[in-house]
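For reference, the structure discussed in these notes is given below.
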């Protein structure tokens, strides 16, 4: 068995896409599905869009990535503000190696920091003892 087929066999998102693992499915398309993160997500509207086929990350198959992004864009259109986030590789915080895109609705003052936001910079400064 190749490493790739072993990865697919053990992939939690492949199991969800095949209907063999539980998930809260928010929307389904022929090529993708949107599910709630098992943890509940970072806010009430947080969903992940994942392809029905196994693709390791957004850089592996541009056609599949484009289809997933198109489905995520459909969800984004329903919100006045939102983040669209995906990662490639462990150094970029990818923990499940099956392409998935987080669609996270936002609102002014929701307090959800991202690494490049002023809230995150302020929190990092406090942790370093640079600000009070």
For the chain, report the % of Cα-Cα distances exceeding 17 Å. 63 percent
Using the alpha-carbon centroid of each, what span in Å lies between region 30-50 and region 59-112? 10 Å
If one compares the long axis through the Cα atoms of helix 118-127 with the longest principal axis of the Cα atoms of the chain, the angle in degrees, nearest 10, works out at 70 degrees
With a point put 7 Å past each Cα toward its Cβ, work out how far residue 12 is from residue 43 in nm, to one decimal. 2.3 nm
Expected 222 nm ellipticity per residue - DSSP helices of 4 or more, -39500 (n - 2.57), all of the chain, to 500: -8500 deg cm²/dmol
Relative to the longest principal axis of the C-alpha atoms of the chain, give the angle of the C-alpha long axis of helix 62-76, reported between 0 and 90° and rounded to the nearest 10°. 60 degrees
Between residue 26 and residue 95, take the C-beta separation as r, use R0 = 35 Å, and let me know the FRET efficiency to the nearest 0.05. 0.95
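Every read-out reported here was derived from the displayed coordinates using simple, explicitly stated rules and does not represent laboratory data. Bear in mind that the values here come from a model prediction, so they are computed numbers and not experimental data. Positions of Cβ are backbone-derived with ideal geometry, glycine not excepted, and every protein chain shown enters the neighbour counts.
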